[in-house]
Amino acid sequence: QVQLVESGGGLVQPGGSLRLSCAASGRFFSINNMGWYRQAPGKQRELVATITSVGTTNYADSVKGRFTVSRDNAKNMVYLQMNSLKPEDTAVYYCHADIRLYNYAAATINSWGQGTQVTVSS
(Lines give C-alpha, C1' and ligand atoms only; values in the text may rest on other atoms or scores of the structure.)
Protein backbone atom coordinates (compact mmCIF):
# COMPACT_ATOMS: atom_id res chain seq x y z
CA GLN A 1 0.00 0.00 0.00
CA VAL A 2 2.88 2.37 0.76
CA GLN A 3 6.26 2.63 -0.90
CA LEU A 4 9.27 4.80 -0.08
CA VAL A 5 11.87 5.38 -2.78
CA GLU A 6 15.22 7.00 -2.00
CA SER A 7 17.60 8.69 -4.39
CA GLY A 8 20.70 10.87 -4.34
CA GLY A 9 23.34 8.59 -2.94
CA GLY A 10 26.76 8.23 -4.46
CA LEU A 11 30.49 8.70 -4.06
CA VAL A 12 31.79 12.00 -2.73
CA GLN A 13 35.11 13.27 -1.40
CA PRO A 14 35.55 14.29 2.23
CA GLY A 15 34.19 17.77 2.75
CA GLY A 16 31.74 17.40 -0.10
CA SER A 17 27.96 17.46 -0.12
CA LEU A 18 25.06 15.27 -1.17
CA ARG A 19 21.31 15.63 -1.00
CA LEU A 20 19.16 12.58 -0.46
CA SER A 21 15.50 12.50 -1.44
CA CYS A 22 12.72 10.15 -0.45
CA ALA A 23 9.28 10.01 -2.04
CA ALA A 24 6.29 8.27 -0.47
CA SER A 25 3.63 6.85 -2.74
CA GLY A 26 0.63 4.59 -2.44
CA ARG A 27 -2.63 4.66 -0.57
CA PHE A 28 -2.55 6.55 2.70
CA PHE A 29 -4.11 9.55 4.36
CA SER A 30 -1.12 11.44 5.74
CA ILE A 31 2.43 11.08 7.02
CA ASN A 32 3.38 11.74 10.61
CA ASN A 33 7.10 11.61 11.42
CA MET A 34 9.65 11.07 8.67
CA GLY A 35 13.34 10.48 9.03
CA TRP A 36 16.63 9.05 7.92
CA TYR A 37 18.62 6.17 9.36
CA ARG A 38 21.94 4.73 8.29
CA GLN A 39 23.88 1.52 8.67
CA ALA A 40 27.62 1.28 8.17
CA PRO A 41 29.44 -2.02 7.65
CA GLY A 42 29.74 -3.88 10.92
CA LYS A 43 27.60 -1.40 12.82
CA GLN A 44 24.03 -1.13 14.06
CA ARG A 45 21.48 0.91 12.20
CA GLU A 46 21.32 4.35 13.76
CA LEU A 47 19.06 7.35 13.62
CA VAL A 48 20.41 10.25 11.60
CA ALA A 49 17.60 12.80 11.58
CA THR A 50 13.84 13.02 12.02
CA ILE A 51 11.23 15.62 11.24
CA THR A 52 7.64 15.85 12.42
CA SER A 53 4.63 16.78 10.33
CA VAL A 54 4.97 20.38 11.48
CA GLY A 55 8.71 20.64 10.92
CA THR A 56 10.28 19.90 14.30
CA THR A 57 13.67 18.27 13.74
CA ASN A 58 16.01 16.03 15.68
CA TYR A 59 19.57 15.03 14.79
CA ALA A 60 22.17 12.58 15.91
CA ASP A 61 25.05 14.34 17.63
CA SER A 62 27.45 13.06 15.00
CA VAL A 63 25.70 14.96 12.19
CA LYS A 64 24.41 18.01 14.03
CA GLY A 65 25.48 21.18 12.28
CA ARG A 66 26.36 19.36 9.07
CA PHE A 67 23.10 17.71 7.99
CA THR A 68 19.68 19.26 7.48
CA VAL A 69 16.43 17.33 7.19
CA SER A 70 13.41 18.90 5.53
CA ARG A 71 10.10 17.81 4.04
CA ASP A 72 7.51 18.83 1.51
CA ASN A 73 4.12 17.69 2.72
CA ALA A 74 2.40 18.54 -0.56
CA LYS A 75 4.75 16.19 -2.40
CA ASN A 76 5.04 13.57 0.35
CA MET A 77 8.80 13.90 0.26
CA VAL A 78 11.60 14.18 2.78
CA TYR A 79 15.15 15.35 2.11
CA LEU A 80 18.51 15.12 3.78
CA GLN A 81 21.09 17.74 2.87
CA MET A 82 24.52 16.47 3.88
CA ASN A 83 27.41 18.91 4.01
CA SER A 84 31.00 18.61 5.20
CA LEU A 85 30.85 14.88 4.69
CA LYS A 86 33.33 12.67 6.50
CA PRO A 87 34.50 9.12 5.78
CA GLU A 88 32.63 8.10 8.94
CA ASP A 89 29.38 9.06 7.19
CA THR A 90 29.81 6.19 4.74
CA ALA A 91 26.76 3.95 5.08
CA VAL A 92 23.54 2.83 3.50
CA TYR A 93 20.96 5.50 4.24
CA TYR A 94 17.34 4.50 4.74
CA CYS A 95 14.24 6.65 4.60
CA HIS A 96 11.55 6.04 7.20
CA ALA A 97 7.99 7.26 7.54
CA ASP A 98 5.27 6.81 10.13
CA ILE A 99 2.16 6.79 7.96
CA ARG A 100 -1.48 7.22 8.87
CA LEU A 101 -3.54 5.05 6.58
CA TYR A 102 -7.07 6.45 6.93
CA ASN A 103 -8.76 9.69 7.78
CA TYR A 104 -11.38 7.95 9.88
CA ALA A 105 -9.10 5.72 11.96
CA ALA A 106 -5.83 6.04 13.85
CA ALA A 107 -4.15 3.06 12.18
CA THR A 108 -0.51 3.73 11.30
CA ILE A 109 2.34 1.79 9.75
CA ASN A 110 6.10 2.16 9.71
CA SER A 111 7.43 2.21 6.17
CA TRP A 112 11.07 1.88 5.08
CA GLY A 113 12.84 2.63 1.85
CA GLN A 114 15.22 0.27 0.10
CA GLY A 115 18.30 2.25 1.06
CA THR A 116 20.81 4.29 -0.90
CA GLN A 117 24.59 4.00 -0.61
CA VAL A 118 26.63 7.00 0.45
CA THR A 119 30.39 6.61 0.21
CA VAL A 120 32.76 9.33 1.40
CA SER A 121 36.30 8.65 0.26
CA SER A 122 39.28 10.40 -1.25
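Per-structure values
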{"item": "Residue within region 1-13 that is open to solvent by less than 40 Å² (accessible area, probe 1.4 Å) and at pLDDT below 95 present", "result": "yes"}
{"item": "Region 44-70, subset crowded, with 16+ Cβ neighbours inside 10 Å and under 11 Å from Asn32 (Cα atoms), residue nearest to the chain's Cα centre (by Cα)", "result": "Thr50"}
{"item": "Which numbered condition Ser84 fails, given (1) surrounded by 13 or more Cβ atoms within 10 Å (Cβ to Cβ); (2) touching a strand residue (DSSP E or B) at 6+ places or on another chain (Cβ under 8 Å)", "result": "(2)"}
{"item": "Residue in region 98-110 that is without any contact (Cβ under 8 Å) to a residue 60 or more places away in the chain and part of a strand (DSSP E or B) present", "result": "yes"}
{"item": "Pairs where the first residue, in region 7-19, is assigned to a strand (DSSP E or B) and the second is polar (S, T, N, Q), C-beta under 7 Å, 6+ apart", "result": "Ser7/Ser21; Ser7/Thr116; Leu11/Thr119; Leu11/Ser121; Arg19/Gln81"}
{"item": "Enumeration of residues in region 11-51 that are of a type in the set (Gly, Ala, Ser) and closer than 12 Å to Asp89 by Cα", "result": "Gly15, Gly16, Ser17, Ala40"}
{"item": "Matching residues in region 29-43 - criterion: being touching a strand residue (DSSP E or B) at 6+ places or on another chain (Cβ under 6 Å), surrounded by fewer than 19 Cβ atoms within 10 Å (Cβ to Cβ) and not polar (S, T, N, Q)", "result": "Phe29, Ala40"}
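The values are calculated or read from the model by the stated rules, or taken from the named source; none is laboratory data. Here the structure is a predicted model, which is why all the values come from computation and not from measurement. Positions of Cβ are generated from backbone atoms using ideal geometry, with glycine treated the same way; all protein chains shown enter the neighbour counts. These area figures cover heavy atoms from the full protein model, side chains too; ligands, DNA and RNA do not enter into them. Shrake-Rupley method; radii C 1.70, N 1.55, O 1.52, S 1.80 Å.
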